[in-house]
Every structure is written in structure tokens, then in C-alpha cells.
Amino acid sequence: MTVTSCIKYGLLCIAATLSTGAIAGTANASAELKRWLNHYVGNHPSVLAAQSAVDSAGYQLVAADKALFNPELELDAETAETDSAYVGLSQTIDWGDIRGARTERATSEKSAAQLAFESTRRDIATQLLAALADFHTTEALKTLAEQGNELMQRSARLAKQRFDAGDLGQVEVDLANLSYAQARFKLADAISAHARAEQNLIALTGSSSVSRPELSITFPAPDRDPGKVDKTVQQLPQMQEIIARVHAAQAQVKVRVGEKASKPTLAFRAGKEEQDTLLGVSFSVPLKVRNNFQAEVDAANAQMIQAEKESIDAYRRLKSRLEIAAVSYELSREAWQAWQRSGEGTLGEQIKLLERLWKAGEINTTDYLIQLTQALNTKASALEQRGRMWTDWSEWLLASGQIEQWLAMQAQDQKQ
């Protein structure tokens, strides 16, 4: 093997090792983020409240499936000229099948509660991801502001020294001091923004000592196939919950129709009067003369129509949300990747080069401060762009239903 071949082989081995390490690092970061997300989603009060709503809906289903009327026992005894006693047993009949309609309604309501629970989990997960992205973005901006403040402070100090030596004029010194003051203002704003982001994360997690995993993961390209949009929206738990609410409203109409139907009562009586044995049967039906309960049916029917129209509106909104989220995420992702390919690695060297040229007198103070400010602003814009990509990514995960893959661990635990 030649020397050149050995070098090429060695470089390939190094590249393969670095690639394997990067993949392993990304996988570890994804696993850590998933564990963090599942822990705080599962313990969030809103999620626990939604789970209690599911439990309540389950008990309501059990209650709805019970018989509507219990039998009635009647005892009567009388002592007069003749002694008499009898016992009676009566049962009101659910002629309109109210029990079946209530069970159907409760079943739909339980499904809606379960889907609302899933929606709540996803919403909280998205809020946590967005808050984590905001925390890391503001933290990076604060670090950059500290770096900029230090650079401007050093520039102002060096400008003063060169002014004392007669190398700079007062105008350039004043410009350096103004740039330093502006850097201090930016640092104060960055510290304040980071504090707000940290408090927002604490409010969501309920802990001030919470770990904050890095978002060092692979960000996939969004699937923007128009043929999949309708199916994706229909499968979202938010949409499924609304459909379940429509079914519950339809079942409520059946309940009202059943309540409108007559509820006859059948009774049997047996007893004695002196030496005679008495047997009797009675059948009673309420007369719907003063109130036929049609208004309740009409109201339930109107509520059903309202639920159906709201489901159409919700579908449109969810579809629009998905399309907007996909476009926003794709644009921010492409912008960040373009920055990574072109400018990310050169900015730090550019700042060092500017300072060397200024100290050597090859560029004047005005040009140095303008270019330094531009470099710092570009870096800040890049960090903000990365933060937007993170936020757009979390919004796309929610809008497309992809957030569920980050909650898979919790779903598996619940099944067990």
C-alpha cells in the first residue's frame, strides 16, 4: 500500500468515526429529549386533569348503562268495618329506549374525553418544546450579548488609549463609547429575555431545578404532499374529539326523543279483604296534553346542527394550520441550514480578523465598529433564526400529529 493510499484510508476511517459519533450523539440527544418531554407532560396538571375527565366519563358511561327505572313496592293495610291488606308491585317501562340513547351518548362522550386527553398531552408537549427552544435561544443570545459587551468595552478602552497616544480623534472615541453603551443595552435586554424564558419553562415544568436538554437532534423535512393533508387532519385527535362531540350531540337528540315518548307503568296487586282474595292489574300512561316535550327535541337537534357546523369549521382551521406550519417550518429549516453551510464557521474568525486589522491600523475605528456590530447582529439573527426553526418545528409536530412519536414512551407505559 502506498503512502497516498494509507493517507486516504486514514482520512476515510476518521470521517467514518466522526459520522458514527455524530449519529450516536444525535440519538442520545433524541432519547434524552424524549425522556424529559414524557416526564413533564405526564406530570403536568392539565394532563392529569384531562385524565380525571376520562375517568369521570367512564363512570358516567357505567351509570348511563344502568336501568332507568327501579320497580316500586307498595304495602297497604286497613282496619275498619272490614279488614283489608294488599301488596303491590309496579314497574315503569322505558318505552322510548332512553337507556340505550344515554349509553350511546355516554360512549361518545367518553371517546371525546379520551381524545381531549390526547390533545392536551400534545398541546403541553408542544408548549414544552417551544419553551425549551426559547430558553436555549435566549441563553445563546445572552452569551452573544456578553461577548459583544466585552468586545465593545475592550474597543472603547483601546480607543481611549490610542486617543491619549494621539492616534485617534475625539469623534472616534465617542463612537466607541456609544457602541459600548449600545452593547450594554443589548446585554440588559438579553438577560431580561432569558429570565422570562426561564420563568416560562419553570411555570410549565413546576420546577426551578429542571434539566434542560439540548435540541441537538435531526430536524426532518416536512412532508407537504397535498394528497396526505386531508387524511392527516382527519386523524388528528383534535379532529377526532370534535367528531366524537358530534356523535354525542346526535345521541342527545335520541335521548330527548326517548324522553318525549310515553313511559307507561304496569302494576300488579294482590291482597285480602276479610276472607276474599283480591288480585288486580293496572296500566297507566301519562297524557302529553299540557307538554309534549317537543321543544327539548328541537333544542337538541339545533345543538347537533351547531356541533356539525363547528366540526366543519374546525377541519378548515386544522387544515390551514397544518399547511401554514409546514411552510413556516420548511422555510426556517432551509434558512438555518443555508447559514450552517455558509456563514456559521467564518463569523468567529471574522471578528478576530477585524480586531487584528484595527489594532494594526489597517482599518479605521469607524469601519471597525460598523463591521463588528454587523457581525454581531448577523450572529444574533442566526441564533434567532435557529430559535424560529425550533419553534416552527414544534408547531409542525403538533399540526401534523408527528408529536406523538415523542410521546411514544408514555403511551407504551399506559398500555402496560
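The values are calculated or read from the model by the stated rules, or taken from the named source; none is laboratory data. Values in this document were obtained by computation on a predicted structure and should not be read as measured data. Methodologically, a virtual Cβ is constructed for each residue, glycine included, from the backbone with ideal geometry; neighbour enumeration extends over all protein chains shown.
Among the residues of the range 359-376, those identified as touching a Leu at 6+ places or on another chain (Cβ under 8 Å), in a helix (DSSP H, G or I) and among the hydrophobic types (A, V, I, L, M, F, W, C) are LEU369, LEU372, ALA375, LEU376. Right, VAL257: more than 36 Å from the chain's Cα centre (by Cα), in contact (Cβ under 8 Å) with a residue 24 or more places away in the chain, under 30 Å from ALA101 (Cβ atoms) and surrounded by 17 or more Cβ atoms within 10 Å (Cβ to Cβ) or not? Yes: the conditions hold for VAL257.
Each residue in the range 295-347 was checked for being hydroxyl-bearing (Ser, Thr, Tyr) and touching an Asp or Glu at 6+ places or on another chain (Cβ under 7 Å), and 3 pass. Among the residues of the range 257-275, at least one is farther than 30 Å from GLU323 by Cβ, polar (S, T, N, Q), out of contact with any strand residue (DSSP E or B) (no Cβ under 9 Å at 6 or more places or on another chain) and not in a helix (DSSP H, G or I). The residues in the range 92-119 that are out of contact with any Leu (no Cβ under 6 Å at 6 or more places or on another chain) and not in a helix (DSSP H, G or I) can be counted, and the count is 5. Checking each residue in the range 165-194 for being polar (S, T, N, Q) and over 12 Å from LEU141 (Cα atoms) picks out GLN170, ASN177, SER179, GLN182. In the range 73-94, of all residues being charged (D, E, K, R) and touching a residue at least 40 places away in the same chain (Cβ under 8 Å), the one that is farthest from VAL281 (Cα to Cα) corresponds to ASP83. Checking each residue of the range 44-65 against the condition of being surrounded by fewer than 20 Cβ atoms within 10 Å (Cβ to Cβ) and part of a loop (DSSP other than H, G, I, E, B) gives at least one match. With respect to the conditions (1) surrounded by fewer than 21 Cβ atoms within 10 Å (Cβ to Cβ); (2) within 43 Å of the chain's Cα centre (by Cα), ASN364 lacks only one, and its number is (2).
Close Cβ contacts (under 7 Å, 6 or more residues apart or on different chains) running from residues in the range 204-229 that are under 17 Å from GLU139 (Cβ atoms) and surrounded by 11 or more Cβ atoms within 10 Å (Cβ to Cβ) to residues that are of a type in the set (Gly, Ala, Ser) and at pLDDT 85 or above comprise LEU204/ALA131; LEU215/ALA133. For residues that are of a type in the set (A, V, I, L, M) and in contact with a Gly (Cβ under 7 Å, 6 or more places away or on another chain), scanning just the range 241-284, find the one that is nearest to SER108 (Cα to Cα). Restricting to residues being of a type in the set (A, V, I, L, M) and in contact with a Gly (Cβ under 7 Å, 6 or more places away or on another chain), the top hit is VAL257. Return yes or no: is LEU347 of a type outside the set (Phe, Trp, Tyr), touching a helix residue (DSSP H, G or I) at 6+ places or on another chain (Cβ under 8 Å) and closer than 15 Å to SER381 by Cα? Answer is yes for this residue. Total residues in the range 71-101 satisfying the condition of being loosely packed, with under 13 Cβ neighbours inside 10 Å, within 57 Å of the chain's Cα centre (by Cα) and at pLDDT 90 or above: the figure is 3. Determine if the range 142-157 includes at least one residue that is part of a helix (DSSP H, G or I), touching a His at 6+ places or on another chain (Cβ under 8 Å) and modelled with pLDDT of 95 or more. Looking through the range 142-157, at least one residue is part of a helix (DSSP H, G or I), touching a His at 6+ places or on another chain (Cβ under 8 Å) and modelled with pLDDT of 95 or more. Going by the conditions given, is ARG333 surrounded by 14 or more Cβ atoms within 10 Å (Cβ to Cβ), in contact (Cβ under 8 Å) with a residue 60 or more places away in the chain and farther than 15 Å from LEU383 by Cα? Judged against the criteria, ARG333 is not a match. Residue-level check: of (1) in contact with a helix residue (DSSP H, G or I) (Cβ under 6 Å, 6 or more places away or on another chain); (2) modelled with pLDDT under 90, ALA50 misses just (2). Would you say LEU266 is of a type in the set (A, V, I, L, M), under 30 Å from ASP94 (Cα atoms), at pLDDT below 90 and touching a Ser or Thr at 6+ places or on another chain (Cβ under 9 Å)? Considered against the rule, which asks whether it is of a type in the set (A, V, I, L, M), under 30 Å from ASP94 (Cα atoms), at pLDDT below 90 and touching a Ser or Thr at 6+ places or on another chain (Cβ under 9 Å), LEU266 comes out as no.
Here ARG386 meets each of (1) surrounded by fewer than 18 Cβ atoms within 10 Å (Cβ to Cβ); (2) over 30 Å from GLU172 (Cα atoms) with one exception, condition (1). In the range 120-141 there is no residue matching the filter, namely being assigned to a helix (DSSP H, G or I), more than 26 Å from LYS34 (Cβ to Cβ) and without any contact (Cβ under 8 Å) to a residue 60 or more places away in the chain. Residue-level analysis places ALA335 among those that are in a helix (DSSP H, G or I), modelled with pLDDT under 95 and on the phi < 0 side of the Ramachandran plot. If the condition is being assigned to a helix (DSSP H, G or I), of a type in the set (D, E, K, R) and in contact (Cβ under 8 Å) with a residue 12 or more places away in the chain, then the range 278-330 contributes GLU296, GLU308, GLU310, LYS319, ARG321, GLU323, GLU330.
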